[in-house]
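Colleague: Sharing a structure here in structure tokens format.
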Amino acid sequence: MMSKIKLLKIVFTDRHTKSWYKILYESIDYCWAKKEFTGDYFRKFLYRKDIVDYKNYLSLNQYYSIINSPKILKPEIASFLDNKLAFALYCEKNRLPVPKLISYNFSSHFFHNERSHYIKDKADLINFFNMVFKSYKADHLFLKKNRGYGGSGCYLLKKNNLPAQIEDFGEVLMGANYIHQEVIVQHPAINKMFSKSINTLRLDVYLDDENNSHLISALMRFGIGNNIVDNTSSGGFFASVDIEKETLQGKGYKVIAEDGAMYIDHPDTKTKIDGFKIPYLKESIALAKFGIKQLPTKMIGWDIAITKNGPLIIEGNSNLSLHMTDMAYGGYCKHPMIQALLEKVNNQ
């Protein structure tokens, strides 16, 4: 939870604020309209000059009413989405392209090629991964927590640096549950924006009562600096997607919990954000719309990477980041599908 002092510091130093009289009036009006005391007026940058229809943005209670409703997300489906091992295995069985699952572990019990290996110490762990690298014929593995969120606890394991890395985080691996996947080769066009992380589309998809799937909105996230993940909670930023033009549109934004920075260009590569062409966007949307029918629930936020051969599903999110997509869309409350969702949960 972001401290109020940090929040106020960001707002006070922001060069794009409305007048303080207007901020005071709008923030009170927003809370009155939403019938709750909420800080979302500030968290979603509604105090900035370019935001006019501030009441179109979801409040905290509206957000929770959607993501916590059993009418929106079936608990059985959520269990698949939240468990990365179950999700990877399910996708492989149901024609959903995901990074290849190479091995995995439950604490000290490691599994590869349908065999179990009990790992007693770091030396055993080095031997295990050497065996995996030799069998898989690769030099890298991407490791992520089976129930991790926000990109935390992810590691890029390198064959040529294996002993040093196992010394660094081997005990963490043996004390938790991880999946070990192939490393994705990102599309060269996306690498021009940023190549150190896999940069993913976030596609919110809705499944109606007639089993028709619909895209609600789209944005794309990018890493910054030396981050190997693009998550906004790990320092990355996001930009809205123009579906018709198949490009990024407008500016890039870091969430206010980081520092609320805005970007015209990527801060590392200086690649312009607005108008940046996204390869395989239509195919990515089609994949997301197909995916929700394979895991039938009302709404899923898909994270999709783009390779030179097309889109690849990284994750399906049950705890949708509607704060972020709300901002990218320009106020979800004006979206007819979100209006239908709010009506559905309010009548439960």
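Colleague: Less than 17 Å from a label point 7 Å out along the Cα-to-Cβ axis of Ser108: which backbone N atoms in the range 171-190 qualify, by residue?
Modeller: Answer for this model: 171-178.
Colleague: On to the next question. What is the gain in length, in nm to one decimal, between Ala123 and Leu7 on full extension, counting 0.36 nm per residue of separation less the C-alpha to C-alpha distance?
Modeller: Values: separation 116, 0.36 × 116 = 41.76 nm, distance 4.61 nm.
Between Ala123 and Leu7, full extension yields an extra 37.2 nm.
Colleague: Let me make sure I get this right: for the range 161-232, a, b and c are the square roots of the gyration tensor eigenvalues over alpha carbons, sorted descending. Under 1.5 in a/c it's rounded, otherwise prolate if a/b > b/c, else oblate. Which is it? Don't jump to the answer; show the numbers that get you there.
Modeller: Working: a/c = 3.07, a/b = 1.66, b/c = 1.85.
Oblate is the answer for the range 161-232, as a/c is 1.5 or above yet b/c matches or exceeds a/b.
Colleague: Each label point is 7 Å from the Cα along the Cα-to-Cβ direction; what then is the distance between the points at Asn212 and Glu92, in nm?
Modeller: 3.6
Colleague: Highest mean first, how do 164-172, 310-318 rank when packing is the count of other Cβ atoms within 10 Å averaged over residues?
Modeller: Numbers: 164-172: 14.6, 310-318: 21.6.
Taking the mean over residues of other Cβ atoms within 10 Å, the ranking is 310-318, 164-172.
Colleague: Can you figure out the FRET efficiency of Asn68 with Ala340, using R₀ = 25 Å and their beta-carbon distance, to the nearest 0.05? Numbers along the way, then the final one.
Modeller: Details: r = 17 Å, r/R0 = 0.69.
So the FRET efficiency works out to roughly 0.90.
Colleague: On the protein heavy atoms, probe 1.4 angstrom, tell me the percent of accessible surface of the range 22-132 carried by carbon and sulfur.
Modeller: Numbers: 3330 of 5940 Å².
So the carbon and sulfur contribution to the accessible surface is 56 percent.
Colleague: Label the range 105-170 by shape, choosing from rounded, prolate and oblate, from the square roots a ≥ b ≥ c of the eigenvalues of the Cα gyration tensor; if a/c is under 1.5 it is rounded, and otherwise prolate applies when a/b is larger than b/c, oblate when it is not. Kindly include the intermediate steps, with their values, before the conclusion.
Modeller: On the way: a/c = 1.35, a/b = 1.17, b/c = 1.16.
Judged from the Cα gyration tensor, the range 105-170 comes out rounded (a/c under 1.5).
Colleague: Could you pull out every whole DSSP H run in the chain that spans at least 18 Å of Cα extent along its own axis and averages 0.0 or higher on the Kyte-Doolittle scale? Provide the component values of the computation, followed by the final result.
Modeller: On the way: long enough: 20-34 (21 Å, -0.28); 122-136 (21 Å, 0.28); 281-294 (20 Å, 0.22).
Passing helices, by number: 122-136, 281-294.
Colleague: At 7 Å along Cα-to-Cβ for each site, give me the label-to-label distance between Ile264 and Arg115 in nm.
Modeller: For Ile264 paired with Arg115, the spin-label model returns 5.9 nm.
Colleague: Take the cross-link list Lys84/Lys251; Lys35/Lys298; Lys100/Lys282; Lys34/Lys344; Lys100/Lys308; Lys34/Lys71 and give me the ones stretching past 20 Å between alpha-carbons.
Modeller: Numbers: Lys84/Lys251 32 Å; Lys35/Lys298 26 Å; Lys100/Lys282 23 Å; Lys34/Lys344 17 Å; Lys100/Lys308 16 Å; Lys34/Lys71 22 Å.
In this structure, Lys84/Lys251; Lys35/Lys298; Lys100/Lys282; Lys34/Lys71 exceed 20 Å between Cα atoms.
Colleague: Just to confirm, what accessible area per residue do you get for the chain at 1.4 Å probe, in whole Å²?
Modeller: Roughly 48 Å² per residue, with all protein chains present.
Colleague: Another one. Ordering Trp20, Trp302, Trp32 by accessible area with a probe of 1.4 Å, largest first, what comes out?
Modeller: Working: Trp20 125, Trp302 0, Trp32 205 Å².
Heavy-atom accessible area, descending, gives Trp32, Trp20, Trp302.
Colleague: Classify the range 1-55: rounded, prolate or oblate, from the alpha-carbon gyration tensor (a ≥ b ≥ c, eigenvalue square roots; a/c under 1.5 rounded; otherwise prolate if a/b is larger than b/c)?
Modeller: Numbers: a/c = 1.89, a/b = 1.15, b/c = 1.65.
Oblate is the answer for the range 1-55, as a/c is 1.5 or above yet b/c matches or exceeds a/b.
The values are calculated or read from the model by the stated rules, or taken from the named source; none is laboratory data. Because the structure is predicted, anything quoted here is derived from the model rather than measured. Please note: Cβ atoms are built from the backbone with ideal geometry, for glycine as well, and neighbour counts cover all protein chains shown. SASA here: full protein model, heavy atoms, side chains in, ligands and nucleic acids out. Shrake-Rupley method; radii C 1.70, N 1.55, O 1.52, S 1.80 Å.
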